[in-house]
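Following: one structure in structure tokens, then a few remarks.
The values are calculated or read from the model by the stated rules, or taken from the named source; none is laboratory data. Quick caveat: nothing in here was measured; it's all calculated off a predicted structure. Positions of Cβ are backbone-derived with ideal geometry, glycine not excepted, and every protein chain shown enters the neighbour counts.
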């Protein structure tokens, strides 16, 4: 059945004819207004409390959250985590946040900057925002940070600054619209904890559709 037939059946069911120009314009006006939905009270908090809520919710979702005092600590902390988990290679994004890092002293970790491939063990990316109400990361596709880095490796390390944490999803989407001038990226990923599934015999399986481990490197700024 074609799209036109489906919409025609809906109109007949609602006892409506074809939309008038005024009705079309009313819909466009409503979409452009982007009115906010109801906002959960638990996320309407001062910035420091939003950060605290994000940390609580991310850990409840089984993310590994490591707090850092500065971005300069990322290479040594990431390398320590990889060594502890017996991972010797890291595939990195190439955005400005990552290219500014100094990896001296981590020569035992093999690093490559490229898209992720099947069989990669760990990736490192930055992200666009953290959402306090659910402990969720918002990442979007860009040439410097291919979406494959978010899902193919078994371990995903993500840099998040405390200033990037917002209370609710609506605020994260608004920040993204403002940052892109309304020209939205092709893909926006919402990541809450490592991948998991309990569809098979009600047994929890980690890494079902993506990384087994999500490591959030939370930088105070």
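Structural remarks
- For region 21-31, the criterion of being closer than 30 Å to residue 136 by Cα, out of contact with any helix residue (DSSP H, G or I) (no Cβ under 7 Å at 6 or more places or on another chain) and modelled with pLDDT under 80 is satisfied by at least one residue.
- Scanning region 141-154 turns up one or more residues that are in the same structural domain as residue 75 (by TED's automatic domain parsing), buried (at least 21 other Cβ atoms within 10 Å of the Cβ), touching a residue at least 40 places away in the same chain (Cβ under 8 Å) and touching a helix residue (DSSP H, G or I) at 6+ places or on another chain (Cβ under 9 Å).
- Which numbered condition residue 132 fails, given (1) surrounded by 21 or more Cβ atoms within 10 Å (Cβ to Cβ); (2) free of Cβ contacts under 8 Å to residues at least 40 places away in the same chain: (2)
- No other residue among 47, 58, 93 is closer than 20 Å to residue 174 by Cβ, assigned by TED's automatic domain parsing to the domain that holds residue 135, surrounded by 12 or more Cβ atoms within 10 Å (Cβ to Cβ) and under 23 Å from the mean Cα position of the chain (by Cα) apart from 47.
- Options 23, 32, 28; residue that is over 33 Å from the mean Cα position of the chain (by Cα) and exposed (fewer than 13 other Cβ atoms within 10 Å of the Cβ): 23
- Contact map, region 9-32: first residue without any contact (Cβ under 8 Å) to a residue 24 or more places away in the chain, second residue in a loop (DSSP other than H, G, I, E, B), Cβ cut-off under 9 Å, separation 6 or more or different chains; pairs are 9/1; 10/16; 11/17; 11/18; 11/19; 27/19.
- Selection from region 96-119 of residues that are within 23 Å of the chain's Cα centre (by Cα) and either in a loop (DSSP other than H, G, I, E, B) or over 25 Å from residue 54 (Cα atoms) (or both): 99, 100, 101, 111, 112, 113, 114, 115, 116, 117, 118, 119
- The set of residues from region 1-20 being farther than 30 Å from residue 169 by Cβ and surrounded by fewer than 10 Cβ atoms within 10 Å (Cβ to Cβ) comprises 1, 2, 4, 5, 13, 15, 17, 18, 20.
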